[in-house]
1. Any idea which of Leu84, Leu115, Leu102, Leu93 is among the aliphatic types (A, V, I, L, M), near the ligand (Cβ under 10 Å from one of its atoms) and at pLDDT 95 or above?
2. May I ask you to list pairs of residues, at least six apart or on different chains, whose Cβ atoms are under 7 Å apart, with the first in the range 182-200 being farther than 19 Å from Ala163 by Cβ and of a type in the set (Val, Ile, Thr) and the second being modelled with pLDDT under 95 and more than 6 Å from the ligand (Cβ to nearest atom)?
3. Could you please tell me which pairs satisfy a Cβ distance under 9 Å, a separation of 6+ or placement on different chains, a first residue in the range 65-85 that is within 19 Å of Ile110 (Cα to Cα), and a second residue that is crowded, with 17+ Cβ neighbours inside 10 Å and among the hydroxyl-bearing types (Ser, Thr, Tyr)?
4. So in the range 128-165, with the set limited to residues that are out of contact with any helix residue (DSSP H, G or I) (no Cβ under 7 Å at 6 or more places or on another chain) and within 13 Å of the ligand (Cβ to nearest atom), which one is farthest from Trp107 (Cα to Cα)?
5. I need the full set of residues from the range 1-24 which are within 16 Å of the ligand (Cβ to nearest atom) and surrounded by fewer than 23 Cβ atoms within 10 Å (Cβ to Cβ), in order please.
6. Does Glu41 satisfy the criteria of being touching a Leu at 6+ places or on another chain (Cβ under 7 Å) and not polar (S, T, N, Q)?
7. Do you know which residues across the range 170-192 are in a helix (DSSP H, G or I) and closer than 16 Å to Gly145 by Cβ?
8. Working only within the range 44-58, note down all residues that are within 12 Å of the ligand (Cβ to nearest atom) and touching a helix residue (DSSP H, G or I) at 6+ places or on another chain (Cβ under 9 Å).
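The values are calculated or read from the model by the stated rules, or taken from the named source; none is laboratory data. Treat the numbers as computed from the prediction; the structure is a model and nothing was measured. Backbone-built Cβ (ideal geometry, glycine too); neighbour counts: all protein chains shown.
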Amino acid sequence: MGRLSAKIAAVTGAGAGIGLAIAELFAAEGAHVYVTDIDGEAAAKATADLAAKGFSATAMTVDVSRGQDVSHLFRTIAADKGRLDVLVNNAGLNIRADFRHLSDADWTRIREVNLDGVVRVARDGFELLRAAGAASLVNIASLMGHQPVRQVAGYAATKGAVAALTRALAVEYAPYGIRVNTVSPGFIETALTERVLKNQFTSKALLERAPLRRFGAPVDVARAALFFASDDSSYVTGAELLVDGGMAAGL
Ligand SMILES: NC(=O)c1ccc[n+]([C@@H]2O[C@H](COP(=O)([O-])OP(=O)(O)OC[C@H]3O[C@@H](n4cnc5c(N)ncnc54)[C@H](O)[C@@H]3O)[C@@H](O)[C@H]2O)c1
């Protein structure tokens, strides 16, 4: 029996990268997974791949920065299942810029997806999570919220806010049986980090700083999300787990 067998889960930004790895691991552990992404084709492909492996999943096009998309997602889950056991706020993006040149448009987009999207999903998903009796909300923040590199100030601000929001919601949602935790990845090999990690000099400098001497794989983050999603963490709420190869611990 899987660690999430008979559970209903939803993951945002699950068409690629870390979100996809989370959806795959959750489905392999027995959950029915709502694979949602702004890129509907990517969500549909991921869902078809899961179905081909005999796993259970539903694809939905959801842009977390659009209130109507998020409402549609939760209305659909309410009608189909009537509850949600696990909800992962994974969708996120970064637009790198020197802070003094960060345009209003770029800052707005970073904030709309990374923070407003997380707020909206965590708020509008409440009733379905409560209906589960014992549920888990997992927010994906970032090492950058603690130890930023250059040109990520806007992104770092949203991720620090997500970690703070997690702690506040852990307190507020606990009476309703909903645990709320954060997974904060370090440098994980996905499209988001491709440009930085493909740069020989940056990549070498970063690896020298990583005690485990490698970048992370999406599944490394998915395993941490599984811990928070499953009953293995039934006495854990308001926690933040860094999945960063030891980078935050020191040089
Ligand atoms: N890769 C890393 O090193 C790293 C490190 C720390 C934190 N993170 C966080 O992990 C999460 C996933 O990142 P990733 O590396 O897998 O990125 P990615 O770019 O590989 O995948 C992100 C996915 O989110 C989707 N998405 C983008 N905007 C969206 C929106 N408005 N609504 C719904 N979906 C949207 C994209 O279509 C894509 O499928 C993000 O929150 C990111 O900030 C990543």
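1. After ruling out the rest, the residue left standing is Leu93.
2. Within 7 Å, the pairs are Val196/Thr202.
3. Qualifying pairs under 9 Å: Asp69/Thr36; Asp69/Thr61; Val70/Thr12.
4. Val149
5. Within the range 1-24, Ala16, Gly17 meet the criteria.
6. When the stated conditions are applied, Glu41 does not pass them.
7. Residue satisfying the conditions is Leu192 alone.
8. Ala46
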